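Below: one structure, written as structure tokens.
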Amino acid sequence: DGLYDDAERSLANRNSGTLLETLSLDITPIGAHYLLTHFDTPILNKEKHALKFSGDFDRPFEISMEELLGLPRITLPVTLECAGNGRAGISPRRYSMPWGYEAVGTSKWTGTLLWPLIDWAKPKSSVVEFSFTGADFGYDKGVGHFYGRSLTLEQARTLDVLLVYEMNGQSLPLQHGSPLRLIVPGWYGMASVKWLTEIRALSEPYTGFQQVQTYRYRNSVEDVGHPITEILVKSLMVPPGVPDFVTRDRYLRAGTVTIEGRAWSGAGKNISEVEFGINGEWKKAKILDKIGKYAWTKWVYDWNARPGRYILQCRAKDELGYKQPTEPKWNLGGFENNTPQAVQVFVQK
Ligand SMILES: Nc1nc2c(c(=O)[nH]1)N[C@H]1C(S)=C(S)[C@@H](COP(=O)(O)O)O[C@H]1N2
Ligand SMILES: [Mo]
């Protein structure tokens, strides 16, 4: 623990967080949505870009962006959250992106379904996984690699995985994976490979760095751990009132204040309860509509704020009964911290 060093600060400056005030919107505006890019952002030529289906397919092929755009279009609102969101709340810390609460956002992703294309390429009967490779190359722990991830055959078939070329009705922006990315709804963000160039059918499990060496929930350096997959239940509020520039403490006028926020869980699970905490006293918030199976749910709470100092919190429960825990669980990568947000507010006459 201690001060963040230059390496951590440069990561934080490259990878912006979602502005929490935009949690009042169903859809996070492009530019206010968080970014997580491990290496440099590749600048690809949309006109020349092609996606390769290679490896153990009976009918490997290449498809241009123009051809992809001609396939059936589907738009899904999906909440994307980085598995490292909340990492700054886990101590001792991991040298990585020091996220607080802000690595989450919801976008309308437009593209075409992945599975029909895989099906068309005819995976051989020996195939167990598909790897998805991005155009961005770099080093991590001395290992040079293109950012890549895999899904099992069953996951690729059942998860409503999209090949995406538009975000919120605009061409996919450079920093979010232009011209083509994967979106794996309901999973943490690492699975949604940006700048997608190749899909390989594999008859052996994929051993790429981002699959095997990281994005695993591990209790020690020796622990092999288990892969990070579905998003855990979580909620956030729009920080009420106005902030202090440096401390981010909030100032609020006494009276009735409508607190609003969002709650979500992985794999399309619904939110069954949201509680709003006032100095540790929990009250039931009102749950509003969800804008899509894989998108977050709005909640509100009318708070009668009297002068004083308060710690405001929120916590959610999903339909399977999973609830946000009070204490973060330490793990090597600093992943999956879904403990409640806490906002300090000073209410004044
Ligand atoms: N090619 C590539 N894809 C990637 C990454 C990356 O660094 N390179 N980062 C992943 C991680 S960890 C997350 S959380 C999401 C973030 O997507 P966004 O930057 O569009 O918000 O992209 C994922 N896809
Ligand atoms: Mo991430």
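May I ask you to list the residues in the range 166-206 that are of a type in the set (Phe, Trp, Tyr) and within 13 Å of ligand 1 (Cβ to nearest atom)? Before the answer, list the steps.
Of all residues in the range 166-206, those of a type in the set (Phe, Trp, Tyr) come to 187-188, 195, 206.
Result: TRP187, TYR188, TRP195.
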Go through the range 99-129 residue by residue and tally those that are in contact with a Pro (Cβ under 8 Å, 6 or more places away or on another chain) and assigned to a strand (DSSP E or B).
7
Please determine whether any residue of the range 54-64 is more than 16 Å from ligand 2 (Cβ to nearest atom), under 16 Å from LYS194 (Cα atoms) and out of contact with any Pro (no Cβ under 6 Å at 6 or more places or on another chain).
no
Hey, can you tell me all the residues within the range 10-34 that are away from ligand 2 (no atom under 16 Å from the Cβ), closer than 17 Å to GLY86 by Cα and modelled with pLDDT of 95 or more?
LEU19, LEU20, LEU23
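Go through the residues of the range 60-71 one by one and say whether even a single one is more than 19 Å from VAL164 (Cα to Cα) and open to solvent by 20 Å² or more (accessible area, probe 1.4 Å). Show your work before the answer.
Initial filter on the range 60-71 (more than 19 Å from VAL164 (Cα to Cα)): 60.
When the remaining residues are screened for being open to solvent by 20 Å² or more (accessible area, probe 1.4 Å), the result is 60.
Looking for residues that are more than 19 Å from VAL164 (Cα to Cα) and open to solvent by 20 Å² or more (accessible area, probe 1.4 Å), one finds at least one in the range 60-71, hence yes.
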GLU67 vs (1) farther than 23 Å from SER150 by Cβ; (2) touching a residue at least 40 places away in the same chain (Cβ under 8 Å); (3) more than 16 Å from ligand 1 (Cβ to nearest atom); (4) among the charged types (D, E, K, R): all pass except (2)
Give the range 312-326 a look and list any residue that's of a type in the set (A, V, I, L, M) and not in a loop (DSSP other than H, G, I, E, B), or say none.
LEU312, ALA316
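Give the number of residues within the range 59-98 that are among the charged types (D, E, K, R) and in a helix (DSSP H, G or I).
Taking the range 59-98 as the starting set, the residues that turn out to be among the charged types (D, E, K, R) are 59, 62, 66-67, 73, 81, 87, 93-94.
In the following step, the residues that additionally are in a helix (DSSP H, G or I) were identified as 66-67, 87.
Result for the range 59-98: 3.
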Conditions (1) within 11 Å of ligand 1 (Cβ to nearest atom); (2) open to solvent by 10 Å² or more (accessible area, probe 1.4 Å); (3) more than 16 Å from GLU8 (Cα to Cα): number failed by SER96
(3)
Taking TRP120 and the conditions (1) in contact (Cβ under 8 Å) with a residue 60 or more places away in the chain; (2) away from ligand 1 (no atom under 16 Å from the Cβ); (3) within 24 Å of the chain's Cα centre (by Cα), which numbered condition does it fall short on, given that it satisfies the others?
(3)
Quick check on the range 303-335: of everything there that is farther than 30 Å from ASP140 by Cβ and basic (Lys, Arg), which residue is most open to solvent (accessible area, probe 1.4 Å)?
ARG306
Only strands (runs of 3 or more DSSP E) wholly contained in the range 130-239 count here; list those with 2 or more residues that are among the hydrophobic types (A, V, I, L, M, F, W, C), open to solvent by less than 30 Å² (accessible area, probe 1.4 Å) and in contact (Cβ under 8 Å) with a residue 12 or more places away in the chain.
162-167, 181-183, 196-202, 234-237
Here are the criteria: (1) within 17 Å of the chain's Cα centre (by Cα); (2) in a loop (DSSP other than H, G, I, E, B). Tell me which single one LYS48 does not satisfy.
(1)
So, in the range 72-88, of the ones that are away from ligand 2 (no atom under 13 Å from the Cβ) and surrounded by 18 or more Cβ atoms within 10 Å (Cβ to Cβ), which residue ends up farthest from SER235 (Cα to Cα)?
LEU76
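Answer with yes or no whether ALA295 is assigned to a strand (DSSP E or B) and either over 24 Å from PRO185 (Cα atoms) or open to solvent by less than 40 Å² (accessible area, probe 1.4 Å) (or both).
no
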It is to be established whether one or more residues within the range 253-267 are part of a loop (DSSP other than H, G, I, E, B), among the hydrophobic types (A, V, I, L, M, F, W, C) and within 16 Å of ALA316 (Cα to Cα).
yes
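The values are calculated or read from the model by the stated rules, or taken from the named source; none is laboratory data. All figures in this text were calculated on a predicted structure; none of them were measured in a lab. Reconstructed Cβ throughout: ideal geometry from the backbone, glycine too, with neighbour counts over all protein chains shown. Only protein heavy atoms, including side chains, enter the accessible area calculation; ligands, DNA and RNA are left aside. Shrake-Rupley method; radii C 1.70, N 1.55, O 1.52, S 1.80 Å.
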